[in-house]
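The values are calculated or read from the model by the stated rules, or taken from the named source; none is laboratory data. Given the structure is predicted, the values throughout are model-derived calculations rather than measurements. When we count neighbours, we look across all protein chains shown, and the Cβ atoms used for this are built from the backbone with ideal geometry, even at glycine.
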Amino acid sequence: MNSTLGYIIVFLVSMVPIVELRGAIPIGIGWNLDPIAVYIISIIGNMLPVPFIYLFARKVLLWGKDKKYIGKFFTFCLEKGEKGGRKLEEKASKNGLFIALMLFVAIPLPGTGAWTGTLGASMLDIDFKRSTLAVLCGVLIAGVLMGLASMGLFGAIGKIFM
């Protein structure tokens, strides 16, 4: 595969909800692309939608929840965002929301990530700058974790200590 096309695919996959870095980084590493470039491109791609999600997603979802064909999906997304927001509130005080949001985004599991974290932050009316910075920190951590897992370091450490 052409490496330029590979990087473009990594970039695009990192912007897809739920998949995000959890899919983009293993794809890039699996295609033997430069891990540092894959990390940087994935971070940029994953963060690109964040301001739009924060500023517009809630409004669009509220508008579409009662529509005939899209209502069920929009309601699902609203419920997912509200659930993520409630999880954050349960885990932390007002001052601890930054750390809770960062850790929520950093956990590389489906349903946690920049999309859900940003939607949850907008549902909780967390300050835009603060929530974006928390999401960025979480994405950076998730990227490192996915990079290590994709390169097999977790497996290698497990074999050393077992």
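Suppose we filter A37, A57 for residues that are among the aliphatic types (A, V, I, L, M) and over 26 Å from G152 (Cβ atoms); which single one remains?
Among A37, A57, only A57 is among the aliphatic types (A, V, I, L, M) and over 26 Å from G152 (Cβ atoms).
Of the conditions (1) over 17 Å from G138 (Cβ atoms); (2) surrounded by 18 or more Cβ atoms within 10 Å (Cβ to Cβ); (3) free of Cβ contacts under 8 Å to residues at least 40 places away in the same chain; (4) among the aliphatic types (A, V, I, L, M), I70 fails just one. Which one is it?
Checking I70 against (1) over 17 Å from G138 (Cβ atoms); (2) surrounded by 18 or more Cβ atoms within 10 Å (Cβ to Cβ); (3) free of Cβ contacts under 8 Å to residues at least 40 places away in the same chain; (4) among the aliphatic types (A, V, I, L, M), the one that fails is (2).
Given the structure, is R22 within 17 Å of L145 (Cα to Cα), crowded, with 17+ Cβ neighbours inside 10 Å, touching a helix residue (DSSP H, G or I) at 6+ places or on another chain (Cβ under 7 Å) and charged (D, E, K, R)?
Spelling it out, R22 is indeed within 17 Å of L145 (Cα to Cα), crowded, with 17+ Cβ neighbours inside 10 Å, touching a helix residue (DSSP H, G or I) at 6+ places or on another chain (Cβ under 7 Å) and charged (D, E, K, R).
State whether the residues of segment 25-36 include one that is more than 13 Å from V139 (Cβ to Cβ), of a type in the set (F, W, Y) and without any contact (Cβ under 8 Å) to a residue 12 or more places away in the chain.
No, there is no match, as no residue in segment 25-36 is more than 13 Å from V139 (Cβ to Cβ), of a type in the set (F, W, Y) and without any contact (Cβ under 8 Å) to a residue 12 or more places away in the chain.
Just name the residue that is farthest from G120 (Cα to Cα) out of those in segment 25-65 that are surrounded by fewer than 17 Cβ atoms within 10 Å (Cβ to Cβ) and among the aromatic types (F, W, Y).
W31
Looking at segment 99-107, can you tell me whether even one residue there is modelled with pLDDT under 85 and crowded, with 18+ Cβ neighbours inside 10 Å?
no
Collect the residues in segment 1-24 that are farther than 17 Å from L140 by Cα and in contact with a Phe, Trp or Tyr (Cβ under 7 Å, 6 or more places away or on another chain), keeping them in residue-number order.
Within segment 1-24, M1, G6 meet the criteria.
Which of the residues belonging to segment 108-162 are under 10 Å from the mean Cα position of the chain (by Cα), modelled with pLDDT of 90 or more and β-branched (V, I, T)?
Listed by number, the residues that qualify are T118, V135, V139.
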